[in-house]
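Written below as structure tokens is the structure these notes are about.
What follows is calculated from the coordinates using simple rules that are stated; it is not laboratory data. This structure is a prediction, so every number in the text was calculated from the model and none was measured. Note: ideal-geometry Cβ built from the backbone for every residue, glycine included; neighbour counts use all protein chains shown.
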Amino acid sequence: MLRSVTFLVLAAAVPRVAAAQEQPTREAQPEAQPAPEAQPAPEAQPTPEASPEAGTPAEPPVVIVPLPTQDLTPEQVTAILDAVVSSVAPLCPGRATVPLEDEQRLIAILGCAEPACVGAQLAEARAMAGVLVRMARPRGRGPVTVTLEVVDPVSGSPRMDPVAIEIPADSLEAPGEAVRAAAGQLAPAMPAAPPRSSLLVAVNVDEATVTVDGSAVGPSPVGPVEVPPGRHTVDVERAGFVSARRSVDVGRGEDARLDVMLEVDPENAELLAADAAPLDGAPSSGPEGPWYTRWYVVAGGGVVLAALIVGIVAVAASGGGGDGGQSAIPVPPIE
């Protein structure tokens, strides 16, 4: 949202510039002289730049330039500007959509008589494109005509025909619906989305909590996540392990990978060992392999099997060679 001081500057500048533009172009040039005074303005425009920790500049933004009429109140201009910013932002994926808030630069643009003058101001503001928002109220009351024009930086040339919007007087306090209905027509003139960047965080243990720049991306293992270019902070945590924090720089359009090795927390080593131990009474494979493959189990099973066979043979022999008494177990003779 524009600051109130900006409206005071615009309120003073609009009638002065309008009066100058009614004169011949040659006489209007001295009125446009404030432009050189705006030269220090790029240093006062931190919005397009990334923070020092980011390491990589942010993508150049789309800059919204308000050019209001003096027949509108600051509140009405603010409402219209906010509606334009919120309506244009979805048309510019991967880029910021910001209003131009530098007073000196706004005055310079108001005094521009040529498109190249406007383009130069946008280029100094590091804009990828500019959207000029002209607001007019022909009779000083009634509906307001808002014209949206997308222009190139440097040249200031329009990228398409302007889009006109009529906002009824009773909708000036909430013009969002009227602006959104028409702003979609600007889509073909918007700059292309920047190349996407991604980050893959690979962790040596599963079920670890992974966060990127404070936002959880899920328990490990996780797939690549889309991130803006620049420096990012990655935190990885899991109970029983020492938490890890890493920083990684991701280039524009790069698919980066970060490997994180969690180490066992010495204070929780016994707890992890207990979790890995078998339950009481449950057979354990141990270092010798499964219990049923151990030598003494195999040997014992062989002895039991041999004794069983000898017993069967003895019973069979006694039954086949007796006198056929009732107590004998009938077993077929062994041939």
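Could you work out the local net charge near Thr69, counting Lys and Arg as +1, Asp and Glu as -1, over the other residues with Cβ closer than 12 Å to its Cβ? With Lys, Arg at +1 and Asp, Glu at -1, the net is +3.
Mean sequence separation of contacting Cα pairs (under 8 Å, at least six apart), scaled by the length of the stretch 70-226, corresponds to a relative contact order of 22 percent. For the stretch 192-200, the Karplus equation 6.51 cos²θ - 1.76 cosθ + 1.60, evaluated at θ = phi - 60°, returns couplings of 5, 5, x, x, 7, 10, 9, 9, 10 Hz by residue, with Gly and Pro reported as x. Give the shape of the stretch 148-237 as rounded, prolate or oblate, defined through the alpha-carbon gyration tensor: a ≥ b ≥ c are the square roots of its eigenvalues, a/c under 1.5 means rounded, and otherwise the shape is prolate if a/b is larger than b/c and oblate if not. Because a/c hits 1.5 or more and a/b exceeds b/c, the stretch 148-237 counts as prolate. 3J(HN,Hα) along the stretch 178-188: 5, 6, 4, 5, 9, 5, x, 5, 7, 3, x Hz, from the Karplus curve 6.51 cos²θ - 1.76 cosθ + 1.60 with θ = phi - 60°, whole Hz, x for Gly and Pro.
Phi angles of the stretch 160-172 translate, via the Karplus equation with coefficients 6.51, -1.76, 1.60 and θ = phi - 60°, into HN-Hα couplings of 6, 5, x, 10, 9, 10, 9, 10, x, 4, 7, 10, 5 Hz per residue; Gly and Pro are given as x. Remark: the Cα gyration tensor places the stretch 173-222 in the prolate category, a/c being 1.5 or greater and a/b exceeding b/c.
Local charge for Ala174 was computed over the other residues whose Cβ lies under 14 Å away, with Lys and Arg +1 and Asp and Glu -1, and equals -4. Amide hydrogen proximity for Asn204: with H placed 1.01 Å from N in the peptide plane, the residues at 5 or more positions away or on another chain lying under 5 Å are Val260, Leu262.
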